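Note sheet for the following structure.
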Amino acid sequence: MTPGRLNAFTDGVIAIIITIMVLELPIPKGHGLADLRPIAPLFGAYALSFINVGIFWNNHHHLMTLAKRIDGRVMWANLFLLFWLSLVPFVIRWLGEDAITAGPAAAYGVVLVGASISYALLEIAIHRADHANRALHSAIGAGVKEVASFALYAVGVALAFYHPMAAVACYVLVAALWFVPDPRVERVASDT
């Protein structure tokens, strides 16, 4: 399998994940804007999750753009990432179903921690499979944003049991952190 084919497969799975997420949003009971109020928490969870899935997709796309060679370890690491991302529709439904409570807020964070770990394992697998690719190696690795994201996700999981909204604030902070693309990848991608 080529990096492009793996990228296309991942694009398809992520498109399905996003579609499932939006299909989980209930139709309001009435026709006025006030009828949106009961689904506001679920819509907020959807918006945050859309952004989080988009962050992983964007970084994955950049990674695959730089990769020239993959192997079986890369394919399994990629499936591990997709496993965690595929849990997002479930946890956002739980998170946004009623008021934000400890269990769903912690579960959401656990899924994000799992996705973070699996993305790091994917980078390691690609690094090993494509060891001669200097451009790739200068663009990947545990940078400040990756470490900060993982730490904030983990803090969010712990905070969820004491103050669920503080946990959600950690997850929002990570999303805000990633709105600016990683300059290492952007620089290397524009040079190749």
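The values are calculated or read from the model by the stated rules, or taken from the named source; none is laboratory data. All values reported here derive from a predicted model rather than from experimental measurement. Cβ sites come from the backbone with ideal geometry, for glycine too, and all protein chains shown count toward neighbours. Heads up: the accessible areas ignore ligands, DNA and RNA and are worked out on the full protein's heavy atoms, side chains in. Shrake-Rupley method; radii C 1.70, N 1.55, O 1.52, S 1.80 Å.
One table, with the values for the structure above:
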read-out: Qualifying positions in the range 146-184 - modelled with pLDDT of 85 or more and of a type outside the set (A, V, I, L, M); value: GLU146, SER149, PHE150, TYR153, GLY156, PHE161, TYR162, HIS163, PRO164, CYS170, TYR171, TRP178
read-out: Residue check for THR2: open to solvent by 50 Å² or more (accessible area, probe 1.4 Å), hydroxyl-bearing (Ser, Thr, Tyr) and over 17 Å from the mean Cα position of the chain (by Cα); value: yes
read-out: Some residue of the range 80-103 being without any contact (Cβ under 8 Å) to a residue 24 or more places away in the chain, within 13 Å of the chain's Cα centre (by Cα), farther than 30 Å from ILE124 by Cβ and surrounded by fewer than 19 Cβ atoms within 10 Å (Cβ to Cβ); value: no
read-out: All helices (runs of 4 or more DSSP H) inside the range 26-127 with 3 or more residues being closer than 15 Å to ALA175 by Cβ and out of contact with any Ser or Thr (no Cβ under 8 Å at 6 or more places or on another chain); value: 40-66
